[in-house]
Amino acid sequence: MNDMPMVRFENVSKRYGALTVLDNLNLDIGRGEKVSIIGPSGSGKTTVLRMLMTLEAINDGVLWVDGEPMTHMMQNGKLVPATTKHMRRIRAKIGMVFQSFNLFPHMTAMGNCIEAPITVLGMKRSEAEERAAELLDMVGLSAKKDHYPSQLSGGQQQRVAIARALAMRPKIMLFDEVTSALDPELVGEVLQVIRKIGREHDLTMLMVTHQMGFAKEFSDRVCFFYQGKICEQGAPAEIFGNPKNERTRQFLNAVLEAG
Amino acid sequence: MWDWTFTFEILPVLARAAIMTVEATALGFVIAATLGLVLASIRLAFPAAGVVVTIFVELIRSTPLLIQIFFLYFVLPKAGIVLDAFTAGVAAIGIHYAAYCSEVYRAGFENVPRGQWEASIALNLSPWNTFKDIILPQALPPVVPALGNYLIALFKETPLLSAIAVLELMQTAKNIGSETFRYTEPVTLVGVFFLVMSLVSAGIIRMLESWLQRR
């Protein structure tokens, strides 16, 4: 079981009506691997994360997490569509950080970080608070633990969101354009935190990003999506230094020109 | 024209009736606010059952309250369900306003951004905890003013209960009038009472609103 990748997309397709967003995707992500997904808007890259978080149902194929099917389950030796209960058990291994933070506005930074550990993991309040305090400290926000999201800057909110996701002890972290909604001067502090958890936690990380410099420096592998397919993938040095595909080259030229 | 002695004479009787009116309002609104939330929540949690709720809500909203009061008091006994006038009246008012309140709650639920649901899934919260801890606390504060308006509307409709002889204010004023042939004082007092209570309620709701906003 442990030779299975942490995440496996097996012939996964996603359609909205006549529009095919992801076309027969096959992608393995290894344990502890850090993968960046880049590509033009509408290429299906965010959908990859959303399907993995079960925010979108898949139309075809099977999604595997940590050696087990997530969208399906084994019944009499056959894969059948998963029940909600099964899906909940598997998705406990996954945490996600969103472009728009999505903090709970009626809870403090601390409240945001202890809600799920208490209600889902059944932690004692004191234990959850202790752990949340450590995480808020790690993202540099110990002083802000009693602040509400509306009292925090975008960068601070996103760091709380990262701490909140980590509080559930996921094995896989998904980052969906987490710096896109931030003012330019706040991008750095969030990337700094992501770098830190990449170093200090044994996490598999999958991120959709427009920060090419960060993708290049941080990831083990970069996947370039185009029109619902992986157009090209490889080590960052390869993709950024010597892209083979014409589409990749065009995209990178356009992005680097703008950036 | 205005007889103060008579006014003070009827005041204690009217005061008792006023208490009855306030009781009917309070009980009716508790039913309206609770049942309305239940209806809106059913629609939220089970979209399939939502059709039934929608039909019920439209049925209630599209028929006069007076008919519903009569129905509960005079028609239900034919089906073996006998309610006393106060119970029937309060139930009718409560159910009627529950239909309106359910629409208010629905607007409140729809107002909560999708991202809040998605964050709850990402944190693996159960549907119940998502509803109770995340959605409801965000959906309720913005709809307090609208619910308050219905509280005042409901309050002002309690005189309809006089149609089934509940001894609320209007019925009592009518009784005093028919016994003494003097309507000026009792009816005026009832009007003043409704005015004062409506203004007081509106003030309380505004205070509640600003308290919720400050949080």
- Amide H contacts under 5 Å for A:Met96, placed H, 5+ residues apart: A:Leu174
- Message: If I fit a long axis through the Cα atoms of helix B:184-214 and take the longest principal axis of the Cα atoms of chain B, what angle between them do I get, 0 to 90°, rounded to 10?
- Response: 20 degrees
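A 30 angstrom limit on the alpha carbon distance is what I want to check against. Which of A:Lys196/B:Lys132; A:Lys229/B:Lys132; A:Lys14/A:Lys244; A:Lys124/A:Lys144; A:Lys45/A:Lys93 exceed it?
Listed pairs above 30 Å: A:Lys196/B:Lys132; A:Lys229/B:Lys132.
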- Sort B:Tyr150, B:Tyr73 so that the residue with the fewest other Cβ atoms within 10 Å of its own Cβ comes first and the one with the most comes last. B:Tyr150, B:Tyr73
- Gaussian network model of chain A, Cα within-10 Å springs - most flexible of A:Thr108, A:Thr248, A:Thr83: A:Thr83
- Among B:Ile176, B:Ile67, B:Ile135, residue whose mean-square fluctuation peaks in a GNM of chain B (springs only between Cα atoms under 10 Å): B:Ile67
- Note on the structure: Computed ³J(HN,Hα) along region A:184-201: with the Karplus parameters 6.51/-1.76/1.60, θ = phi - 60°, integer Hz and x for glycine or proline, the list is x, 6, 9, 4, x, 5, 6, 4, 4, 5, 5, 4, 5, 5, x, 6, 8, 10
- Net charge near B:Glu58, counting Lys/Arg +1 and Asp/Glu -1 over other residues with Cβ under 15 Å of its Cβ? +2
- Message: Apply the Karplus curve 6.51 cos²θ - 1.76 cosθ + 1.60, θ = phi - 60°, to the phi angles in region A:176-183 and return the couplings in whole Hz, x for Gly and Pro.
- Response: 9, 6, 5, 10, 5, 8, 9, 5
- How much mean residue ellipticity at 222 nm does chain A get from its helices, if each DSSP H run of length 4 or more adds -39500 (n - 2.57) and you divide by all residues, to the nearest 500 deg cm²/dmol? -11500 deg cm²/dmol
- Of A:Phe214, A:Met173, A:Gln192, which is farthest on the positive side of the dipole of region A:150-259, counting Cα position, with +1 on Lys and Arg Cβ, -1 on Asp and Glu Cβ, and the Cα centre as origin? A:Met173
- Item | Volume in Å³ per residue [convex hull over Cα atoms, computed for region B:4-214] | 134 Å³
- Message: Using alpha carbons only, how many angstrom separate the centre of region B:163-215 from the centre of region A:39-105?
- Response: 57 Å
- Message: If I take every Cα pair under 8 Å that is 6 or more residues apart in chain A, average their sequence separation and divide by the length, what percent do I get for the relative contact order?
- Response: 24 percent
- Message: For the protein assembly as shown, report the % of Cα-Cα distances exceeding 30 Å.
- Response: 59 percent
- Query: Of B:Leu136, B:Leu169, B:Leu39, which has the largest mean-square fluctuation in a 10 Å C-alpha GNM of chain B?
  - Reply: B:Leu136
- Item | Size of electric dipole in chain B: Cβ of Lys, Arg +1 and of Asp, Glu -1, about Cα centre, debye, nearest 20 | 440 debye
- Paramagnetic label zone (point 7 Å from Cα along Cα-to-C-beta, A:Lys229; backbone N under 20 Å) in region A:44-84: A:44-49, A:59-62
- HN-Hα J in Hz across region A:43-50 - Karplus 6.51, -1.76, 1.60, θ = phi - 60°, x for Gly and Pro: 8, x, 5, 5, 4, 4, 5, 5
- Query: Once amide H atoms are placed 1.01 Å from N in the peptide plane, what residues at a sequence separation of 5 or more from A:Cys231, or on another chain, have their amide H within under 5 Å of its amide H?
  - Reply: A:Phe224, A:Phe225, A:Tyr226
- Message: Relative contact order for region B:4-214: what percent, with Cα pairs under 8 Å and sequence separation of 6 or more?
- Response: 28 percent
- Taking the C-alpha atoms of chain A, how large are the radius of gyration and the largest Cα-Cα span, Dmax, in Å? 18.5, 55
- Query: How far is helix B:169-180 tilted off the main Cα axis of chain B, in degrees rounded to 10, range 0 to 90?
  - Reply: 10 degrees
- Rounded to the nearest 10 degrees, the helix B:50-61 long axis (Cα) sits at an angle to the longest Cα principal axis of chain B of 20 degrees
- Task: With label points built 7 Å along Cα→Cβ from the Cα atoms of B:Arg16 and B:Arg114, find their separation and express it in nm.
- Result: 6.1 nm
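Values in this text are rule-based calculations from the coordinates and carry no lab data. The structure presented is a predicted model; accordingly, all values stated were derived computationally and were not measured. We place every Cβ from the backbone using ideal geometry, glycine too, and count neighbours over all the protein chains shown.
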